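Down below is the structure, laid out as C-alpha cells.
What follows is calculated from the coordinates using simple rules that are stated; it is not laboratory data. Values in this document were obtained by computation on a predicted structure and should not be read as measured data. Using ideal geometry, Cβ is built from the backbone for each residue, glycine included, and neighbour counts are taken over all protein chains shown.
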Amino acid sequence: MHHPQITPRSTPELTPSVDELEKQERVLVFQQFTHDDAWALGSLLVEMARERQAPVAVDIHRGGQQLFHAALPGSTPDNDAWIIRKRRVVERYGAASYLVGARFRAKGTTFEESSRLDPDTYAAHGGSFPITVENVGVIGSVTVSGLPQLQDHRLVVEALSRFLNL
C-alpha cells in the first residue's frame, strides 16, 4: 500500500498566538535602519520569494518614504493596494498587521467589525511588519502581499530573522 509522503504543505498551519506574535516584535529590532538596510532587506525578501516562486510584491517604507518596492511574476496591482492597506495598520497601531487582526479575533470579534476604520483604507491582514529601531520605536514597515496572509507574515518574519542574524 502506497502512503503519500507528508509534506509541510499538507500539514495544517498552526496559527500563532498573540503572545508569539508580540514576542516576534520584541525580538525583531534594529540598531539602525538606513537606505542601504532597506535595499539589503528588500533584496533578501525578493531572493527568498524567487526561490519559492512566490507571486508577491514587496514594499519597505520609512517615515513616509518608499525605500524599496519590487513586484515578482504573478503579482498584480491588487497586491500594491493590499500593501498600502496593511501598511496603514502598522502605521496606526505600531504593530504587525497580522497581530492587530489576531488581537481583535482573540476578543471574539474582527478588525472589520470593531476597529471603526474603513476596510478600503485599512487591512489587518498578515504581511506588514513594523521596522522598529532600539530606543527609538517604530520608524517604518516591511510588507509582502500575494500569499495567504499567514504565509505573507511568515515570509517577512523569516527575512527579518535572517537579516538580523537571529
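Here Y93 meets the list (1) over 23 Å from L14 (Cβ atoms); (2) surrounded by 23 or more Cβ atoms within 10 Å (Cβ to Cβ); (3) of a type in the set (F, W, Y) almost entirely, failing just condition (2). Remark: pairs (first residue in segment 51-71, more than 14 Å from D36 (Cα to Cα) and free of Cβ contacts under 8 Å to residues at least 40 places away in the same chain; second residue of a type in the set (A, V, I, L, M, F, W, C) and in a strand (DSSP E or B); Cβ separation under 9 Å; 6+ apart in sequence or on different chains) = A70/A57; A70/V58; A71/A57; A71/V58. Could you go through segment 155-162 and let me know if any residue there is acidic (D, E), surrounded by fewer than 19 Cβ atoms within 10 Å (Cβ to Cβ) and within 21 Å of T15 (Cα to Cα). Yes, because at least one residue in segment 155-162 is acidic (D, E), surrounded by fewer than 19 Cβ atoms within 10 Å (Cβ to Cβ) and within 21 Å of T15 (Cα to Cα).
Here F68 does not fit the description of being among the aromatic types (F, W, Y) and assigned to a loop (DSSP other than H, G, I, E, B).
Under the condition of being over 19 Å from S17 (Cβ atoms), charged (D, E, K, R), loosely packed, with under 14 Cβ neighbours inside 10 Å and free of Cβ contacts under 8 Å to residues at least 40 places away in the same chain, the residues counted in segment 96-140 number 4.
So which residues in segment 136-166 are touching a strand residue (DSSP E or B) at 6+ places or on another chain (Cβ under 7 Å) and of a type in the set (D, E), if there are any at all? Passing the criteria: only D152. In this structure, does L21 turn out to be within 15 Å of G127 (Cα to Cα) and not aromatic (F, W, Y)? Judged against the criteria, L21 is a match. The set of residues from segment 88-130 being farther than 24 Å from A54 by Cα and among the polar types (S, T, N, Q) comprises T109, T110, S114, S115, T121. A Cβ distance below 8 Å, combined with a sequence gap of six or more or placement on separate chains, defines the contacts here; from segment 31-42, residues that are part of a loop (DSSP other than H, G, I, E, B) reach residues that are surrounded by 11 or more Cβ atoms within 10 Å (Cβ to Cβ) in the pairs Q31/V133; Q32/V133; F33/R62; F33/I131; F33/V133; F33/I139; F33/G140.
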